[in-house]
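K.L.:
Quick one: the structure is below, questions incoming.
Each reported figure results from applying straightforward, stated rules to the coordinates on display, with no laboratory input. If you're wondering where the values come from, they're calculated on a predicted model, not measured in any experiment. Here the Cβ positions follow ideal geometry from the backbone for every residue, glycine too, while neighbour counts run over all protein chains shown.
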Amino acid sequence: MSLGIPNVRLLKGEELAKELPESLGAKLAIAMDGQAQFNAYSFCTELAKKINGDGCDVFEHARVLTVEDHPLSQGKPHDVELESGGSLTADQVRGGFRRGGGVGAL
């Protein structure tokens, strides 16, 4: 069934059953055809290999709790608090995400 939006379809009935496990209990779903898919782990691993040591440091198992932003002064470093009790200072924080209640800085 078309929704009038390019590459977006409403799934129901047999089409839904082909796309999603019955255990989810979904009655309807939206499919977005032509979307990019990639392996996030492989992408991040290769990215870390290329940027580590080039003015950047990559930390594993370092859950970020807070990032203190300084919105009025873009050149001012960000204070990053880690779950381990440690902290670091970052000149730039490019993005972030939430996972399990913590904040991750990219």
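K.L.:
The range 1-63: which trypsin sites (Lys or Arg not before Pro) are DSSP loop and have at most 11 other beta-carbon atoms within 10 angstrom?
P.N.:
Numbers: sites: ARG9, LYS12, LYS18, LYS27, LYS49, LYS50, ARG63; in loops: LYS12, LYS27, ARG63.
Hits after loop and neighbour filter: LYS27.
K.L.:
Under 17 Å between alpha carbons, and skipping anything fewer than 8 positions from LYS18 in its own chain: which lysines qualify?
P.N.:
Candidates past the 8-residue exclusion: LYS27.
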